[in-house]
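These notes are about the structure you will find just below.
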Amino acid sequence: MTVSFTPARVKTELLSGLTVALALVPEAVAFAFVAHVHPLVGLYAAFIVGLITALFGGRPGMISGATGALAVVMVSLVINHGVEYLFATVVLMGIIQVFAGIARLGKFIRMVPYPVMLGFVNGLAIVIFLAQLGQFKVAGPDGVPVWLTGEKLYLMLALVAATMAVIVLAGRYLKFIPAPLVGILVTTTVVTVFNLDVGRVGDLASIAGDLPKFHIPSVPFNMETLTIILPYAVILAAIGLIESLLTLNLVAEITETKGGASQECAAQGAANIVTGFFGGMGGCAMIGQSMINIESGGRTRLSSGSAAMFLLAFILFASGAIEQIPLAALVGVMFMVVISTFAWSSFRIMHKIPRSDAFVLVLVSAVTVISDLAIAVVVGVIFSALVFAWKASRRISARAEIDDHGRKVYSLNGPLFFGSIESFADLFDPKTDPGEVIVDFAGSRVLDHSGLQAIDSLADKYERAGKTLQLRHLSADCRKLLKKAGSLVRASEVEDPRYGVAVDYGHTFDDENDAKAAS
């Protein structure tokens, strides 16, 4: 999609970036607290990761920064070893992600089924909602957060509701300024004019600071350090890439455009390498802020890049003003993100889709809320793969008939792989079959080594029964890999299908013939 940078488009992109930057501040500060690091560590990560991925990422308009999914993994590392080990881990995390991009591993995100995507969206919407509830608490006499009560609670709820109402009305009637920005400005003005006693951004922490400075992590460069940081780096890299690629797919679907998955992997990695050397906590794509940007009209790298630059400007020059923004305004914005992010259609289709898909949707949503996104997606993909394997294993069948020469012909239909080999073996009866048997694979595909082994075992059974077995329409790759039954194939090269059993996933198809060969 090509976007013309007219004055109106530039204004929309910049205002969208400003709106996102305002929403990034409390999120980055809150996630820094979760990870037990200084707020500026979160803000620097949001700026550096946001800027680099905005310029070089695989999806224009997508927002990246410090995220809660990564912060919760960092806690034990920081507590047990200190923040310098965190910076070293973030650098190593980035290196792993860059190699993932170079190896083009991003394309495997297509293996995530749609029910998992829906579960991811719903679960993340719930997580975003729950994360905002912390703003309805204040520190008690003993320092433990307690819920707001009485007038303060009612005032907070009223301001959140008012912000949401303004966003809805502004989105309907004001087209020249992003609705979330209007909501923030109106609520901030009301709180300032009437001097209302509500929580503000400055109550979380001061966001004033200098430019991030280059800093090599102060850790020993030895195997002991690598042993400490490597497990964390691998987990953080996986979580970051999964969340980033799923967000990329979601934004691409909403905007009806395409994104570069492997390019996003490399950009995320480069961003984390840089932020690790400049005192940041690392980050990845943020679905909440990305949705704010998209809904505010941001579609290009200008919006996401300007969001990062606005955030830096807040840190350097405008911390006093930003710290006066009421938290209720930002909570209202995030609640609107929750409403727009949650796939409400999933309730409508729940009884129409297969029960296994419905279960996956609910399972991924629940695990996302209870545990974290990466585990939820892995669980969802594994369960979906098992369901698919089970269904595919029951699809193999054979039509048996006697031809004019008295030979029994088995015409197979369905895939032959590890899940279907038992059903495959049950189709044949070497003891009662006639002396000559033909197995036609024209309607079947051999998908793995287990399928090849099943063919060899079948050939061995007919040989021991003293009968002749012929195999037809197997690919050249199958014939080559068969140990015992390869010599039994009787078909011309012209008739045989073309497909590979052992697929090189690092290979990319460069022409139509290669694509047909893999289909």
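The values are calculated or read from the model by the stated rules, or taken from the named source; none is laboratory data. Keep in mind that what you see is a predicted model, and the values were worked out from it rather than measured. FYI the Cβ positions are ideal-geometry reconstructions off the backbone, even for glycines, and counts take in every protein chain you see. For the accessible areas, the whole protein counts, side chains as well, though only heavy atoms, and no ligand, DNA or RNA atoms are used. Shrake-Rupley method; radii C 1.70, N 1.55, O 1.52, S 1.80 Å.
Across the chain, counting alpha-carbon atoms alone, Rg and Dmax equal 28.8, 98 Å.
Can you give the Kirkwood hydrodynamic radius of segment 291-346 from its Cα pairs, in Å with one decimal? Kirkwood hydrodynamic radius for segment 291-346: 13.2 Å.
When the surface is traced with a 1.4 Å probe over the full set of protein chains, residue 498 keeps roughly 150 Å² accessible. Exceedance of the 32 Å cut-off in Cα-Cα distance is limited, within the set 431/480; 137/213; 408/480; 11/352, to 137/213; 11/352.
Would you please classify the overall shape of segment 209-364 from the alpha carbon gyration tensor, given that a ≥ b ≥ c denote the square roots of the eigenvalues, rounded means a/c under 1.5, and beyond that prolate means a/b larger than b/c while oblate covers the rest? It is oblate, given that a/c is not under 1.5 and a/b is not larger than b/c. A Förster distance of 45 Å, applied to the separation of the beta-carbon atoms of residue 33 and residue 255, puts the FRET efficiency at 0.85. Hey, any idea what % of the chain's accessible area is carbon plus sulfur with a 1.4 Å probe? Carbon and sulfur atoms account for 64 percent of the accessible area of the chain. From the alpha carbon centroid of segment 380-401 to that of segment 454-475 is 23 Å.
Find, to one decimal place in angstroms, the Kirkwood hydrodynamic radius of segment 5-52, where the mean of 1/r is taken over every pair of different Cα atoms and then inverted. It works out to 11.7 Å. At q = 0.25 Å⁻¹, what base-10 log of I(q)/I(0) does the Debye formula yield for segment 76-144 when every alpha carbon is treated as an equal point scatterer in vacuo? Debye intensities relative to I(0), on a log10 scale: -0.96. Need the C-alpha centroid separation for segment 175-208 versus segment 158-172, integer Å. Measuring centre to centre over Cα atoms gives 13 Å. Legend: translational diffusion of segment 132-288 by Stokes-Einstein, Rh = Kirkwood radius over C-alpha pairs, 37 °C, 0.692 mPa s; D = 163 µm²/s. Assuming a ≥ b ≥ c are the square roots of the Cα gyration tensor eigenvalues, decide whether segment 1-136 counts as rounded (a/c under 1.5), prolate (otherwise, with a/b larger than b/c) or oblate. Taking the square roots of the gyration eigenvalues as a ≥ b ≥ c, segment 1-136 is rounded. Computed over the alpha-carbon atoms, segment 293-448 gives an Rg to Rh ratio of 1.31, Rh here being the Kirkwood radius from the mean inverse distance. Distance from the C-alpha centroid of segment 71-108 to that of segment 224-301: 12 Å, rounded to the whole angstrom. Stokes-Einstein diffusion of segment 392-481 at 10 °C, 1.306 mPa s viscosity, Kirkwood radius from Cα pairs, rounded to a whole number: 121 µm²/s. Taking the longest Cα principal axis of the chain as reference, the axis of helix 449-464 is set at about 20 degrees. Every pair of different Cα atoms in segment 192-241 enters the Kirkwood calculation, which places the hydrodynamic radius at 15.7 Å. Here the chain carries DSSP beta bridges of which approximately 45% are antiparallel, counting only pairs with both residues inside. Shape class of segment 125-216 from the Cα gyration tensor (axes a ≥ b ≥ c, square roots of the eigenvalues): oblate, since a/c reaches 1.5 or more and a/b does not exceed b/c. Distances between placed amide hydrogens fall under 5 Å for residue 200 paired with 327, all partners being 5 or more residues away or on another chain. In the chain, the longest principal axis of the Cα atoms and the axis of helix 179-193 are about 30 degrees apart. Rolling a 1.4 Å probe over the heavy atoms of the protein chains gives the chain an accessible area of 47 Å² per residue. From largest to smallest, the equivalent ellipsoid semi-axes obtained for segment 39-104 from the alpha-carbon gyration tensor read 23, 16, 10 Å. Restricting the calculation to Cα atoms, segment 323-382 shows an Rg/Rh of 1.14 when the hydrodynamic-style radius is the Kirkwood one.
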